[in-house]
1. Counting just the residues of the range 112-145 that are assigned to a loop (DSSP other than H, G, I, E, B) and over 26 Å from residue 291 (Cα atoms), which one comes out nearest to the ligand (Cβ to nearest atom)?
2. Among the residues of the range 284-316, how many are within 30 Å of the chain's Cα centre (by Cα) and assigned to a loop (DSSP other than H, G, I, E, B)?
3. Looking at residue 45, is it surrounded by 12 or more Cβ atoms within 10 Å (Cβ to Cβ), under 17 Å from residue 71 (Cα atoms) and modelled with pLDDT of 95 or more?
4. Restricting to the range 456-478, what's the tally of residues that are surrounded by fewer than 17 Cβ atoms within 10 Å (Cβ to Cβ), within 25 Å of the chain's Cα centre (by Cα) and at pLDDT 95 or above?
5. Taking residue 281 and the conditions (1) surrounded by fewer than 20 Cβ atoms within 10 Å (Cβ to Cβ); (2) outside any helix (DSSP H, G or I); (3) in contact with a helix residue (DSSP H, G or I) (Cβ under 6 Å, 6 or more places away or on another chain), which numbered condition does it fall short on, given that it satisfies the others?
6. Going residue by residue through the range 182-199, is there one that turns out to be within 19 Å of residue 102 (Cα to Cα), within 11 Å of the ligand (Cβ to nearest atom), in contact (Cβ under 8 Å) with a residue 12 or more places away in the chain and part of a loop (DSSP other than H, G, I, E, B)?
7. Could you say whether any residue in the range 326-335 is touching a helix residue (DSSP H, G or I) at 6+ places or on another chain (Cβ under 7 Å) and either at pLDDT 95 or above or within 30 Å of residue 403 (Cα to Cα) (or both)?
8. Can you tell me which of (1) out of contact with any helix residue (DSSP H, G or I) (no Cβ under 6 Å at 6 or more places or on another chain); (2) within 16 Å of the ligand (Cβ to nearest atom) is the one residue 232 doesn't meet?
Ligand code: FAD
């Protein structure tokens, strides 16, 4: 993609005047937090970082950008893992940070809805729901920093998808500023609204390329009163699926999480943290399972104990521990949450966020691990993730003692081998993180020419001058 022309001083002045000089950041050190992403793969440059406080300001900014053909990169919590929220290196784009638009606008425990500004953090929304004894079930490792706007723009997944669906499933209505500054108010809380094309679904997952989400109406759910959590050791990932079916059939509660942890990951945790493995048996794979329901607190634990006892008798699992307190359940979850961090302590890591049809999971893990070993002997796969919905974070840690830089240089080669296996098994090369910059050029591999052409036509209709996050998500210049 050709870099855009520099933003001229007059345009910069007009944009800065909308938000006030203290919220138009041009000082390089103050801009840094907006230009680096969590994995430090890309460091961008920007002409200015704008921090509007109101929807009217966002609208005015886009009106000016549309008129002057200024490129705008919308940013929420800057926790995205595919580089979509980071401007390119030209320095000729504008970053639009939504972090100051962070109000909880309205919460309705009768209708079970919450209306929030796009810059509210996911954690703030979860907490507001708890305040009226409801659950907002979207849950990600980044929830203290990521924003609702970013969650919807990436259609975020996380640990609750098995029971509650992705961000899309929890979205009832949106407010969006369009590329030319016009406002679309679709803040409806209706559960049924069959009135033609569903525009909110076009914006969900659009990664800042079609419009700027400024607010959303989200679904709230009843808050479970009882939870049971277990860590289970298994030889094969296939056992996870059988356990899932048995747990679903057991009644009394629903499976609200089924996470996979690999032996390598547990070894890294034991090496780099003070956590201990509560299971005596060492195993290739571990499952973290959570069931929740609405009965008397403590009634689901015996259900899970019985279920796992039978699985042990049937030799479906090797060992299991069911948490006997909230604190122990928290510790089990901590092991899962520590996985990305302990990988960092082991040097370079080449990461993949893929999904597979459930029956193909084990085959994928076997074939992809072998392929990686052929390419880089000694590389250590650390495959973990939301196995209940077929989502594996197939990360590969560098061989012990290897040169980190030389290992990471082979990212594309390793990914090509992994993606070939994923696609051959009918999976997706982006389960939940999106496309952004990281996977933009792979789109022709995964979308048919017809699908890609339709996507480009949608982009042209919503953003005729291609000013919204150009060069992200879609492969060619429009
Ligand atoms: P940003 O990173 O700021 O932006 C992401 C994309 O959305 C960009 O393309 C940006 O242009 C666009 N965007 C942001 N705000 C808006 C808006 N208001 N309107 C239009 N476009 C917008 N993701 C998962 O799905 N599941 C996980 O389990 C998960 N776990 C994570 C754990 C950690 C530790 C980290 C660092 C990340 C994790 N992520 C996960 C990725 C990330 O947190 C999600 O993609 C999140 O939804 C991004 O939200 P954000 O506010 O940080 O968006």
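1. Among those residues, the one meeting the criterion is 118.
2. 2
3. When the stated conditions are applied, residue 45 passes them.
4. 2
5. (3)
6. Taking every residue of the range 182-199 in turn, none turns out to be within 19 Å of residue 102 (Cα to Cα), within 11 Å of the ligand (Cβ to nearest atom), in contact (Cβ under 8 Å) with a residue 12 or more places away in the chain and part of a loop (DSSP other than H, G, I, E, B).
7. Looking for residues that are touching a helix residue (DSSP H, G or I) at 6+ places or on another chain (Cβ under 7 Å) and either at pLDDT 95 or above or within 30 Å of residue 403 (Cα to Cα) (or both), one finds at least one in the range 326-335, hence yes.
8. Of everything listed in (1) out of contact with any helix residue (DSSP H, G or I) (no Cβ under 6 Å at 6 or more places or on another chain); (2) within 16 Å of the ligand (Cβ to nearest atom), residue 232 misses just condition (2).
The values are calculated or read from the model by the stated rules, or taken from the named source; none is laboratory data. Note that the structure is predicted; figures quoted are calculated from it, not measured. Note that we place each Cβ from the backbone using ideal geometry, even for glycine, and neighbour counts take in every protein chain shown.
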